[in-house]
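Comments concern the structure below.
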Amino acid sequence: MPKLGMAPIRRKQLIEATYLVLHRDGIDDLTLKKIAVEAGVATSIITHYFGTKEALIADTMSDLVGSLLREVRDRRRQATNTIDEIVAIVDGNFAPSQVSPTAVSAWLYFWSRVPYDPTFERMQRICDYQLRKYLTNSLKDIVAKEEADDIAETVVCLSYGFWLQFAHRQGEFDVARAHRMALQVIEARIQMAWQKNLHLAARTSLIGND
């Protein structure tokens, strides 16, 4: 009989093993046997907790999307002002958990399935909605709503583009530089919005002077 409270631990263990096998072998060679070996368990344990390989993959992708939203949410909660909130959102997108090779491989697979799988498409819509919501809620304090929506859309698309570049250029892609560039784009867009609306009040730079 399994120990009380073991299910969440075991499910997380199997999801982590799925990330590793997906990154190492690709989706075409991902099997329950390989995941079981990676996790150090019998294949029957996987079917007990997830039922099928498809269900395990879907839960892994849900974990992936959830990890990004948690990174952003937790950092934003610690911010003490609007500028820090915006920086925190960008920090979450470039957190180590999101730019690791295993995470990037998972994101690439996830995006490849979004147009064809209603479950993945729903996850993507939720992810996009939450990221835009966090950004617009912070940006609306310093720019008009229309500009806040446009900047939020720009940041979301830019982040996804950086992830793709990281996947294609692993080992040479500079994550810190990409992070800085994302902040520079946001700052430039805010400046443009202020100039457009003649709202030129003093402000704090998104990027430190060091």
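What the table below lists for this structure:
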| quantity | calculated |
| --- | --- |
| Backbone HN-Hα couplings from phi across segment 101-109 [Karplus 6.51/-1.76/1.60, Hz, Gly and Pro as x] | x, 5, 5, 5, 4, 5, 4, 4, 5 |
| Three principal axis lengths of the chain [C-alpha, angstrom, descending] | 66, 38, 36 |
| Carbon + sulfur, % of accessible area of segment 68-136 - ligands and nucleic acids excluded, 1.4 Å | 50 percent |
| Residue-normalised accessible area of segment 1-132, given per residue in Å² at a 1.4 Å probe | 52 Å² |
| Fully extended contour minus Cα-Cα distance, from residue 69 to residue 175, at 0.36 nm per residue | 36.3 nm |
| Label point distance in nm, residue 7-residue 31, each placed 7 Å from Cα along Cα→Cβ | 3.0 nm |
| Selection of trypsin sites (Lys or Arg not before Pro), segment 67-172, meeting DSSP coil and at most 11 other Cβ within 10 Å | 169 |
| Candidate lysines - alpha carbon under 22 Å from residue 145, same-chain residues fewer than 8 apart omitted | 133, 196 |
| Under 18 Å from residue 140, Cα to Cα: aspartates and glutamates that are on another chain or at least 8 residues apart | 84, 85, 128, 149, 150, 153, 187 |
| Net length gained if the chain between residue 128 and residue 195 were fully extended (0.36 nm per residue, minus Cα distance) | 21.3 nm |
| Karplus-derived 3J(HN,Hα), 6.51/-1.76/1.60, for each residue of segment 53-65, Hz, glycine and proline x | 4, 4, 5, 5, 5, 4, 5, 5, 5, 5, 5, 4, 4 |
| Within the chain, helix-based [θ] at 222 nm, where runs of 4 or more DSSP H residues each add -39,500 (n - 2.57), nearest 500 | -25000 deg cm²/dmol |
| Charge tally in the Cβ shell below 13 Å around residue 13, where Lys, Arg are +1 and Asp, Glu are -1, residue 13 excluded | -1 |
| Stokes-Einstein D for segment 77-150, Kirkwood Rh over Cα pairs, 25 °C, 0.890 mPa s (µm²/s) | 176 µm²/s |
| Angle between the chain longest axis and helix 6-25 axis [Cα atoms, degrees, rounded to 10] | 80 degrees |
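The values are calculated or read from the model by the stated rules, or taken from the named source; none is laboratory data. Since the structure is predicted, the reported quantities are computational estimates derived from the model, not experimental observations. Note: ideal-geometry Cβ built from the backbone for every residue, glycine included; neighbour counts use all protein chains shown. Surface accessibility is based on the protein's heavy atoms, side chains included, excluding ligands, DNA and RNA. Shrake-Rupley method; radii C 1.70, N 1.55, O 1.52, S 1.80 Å.
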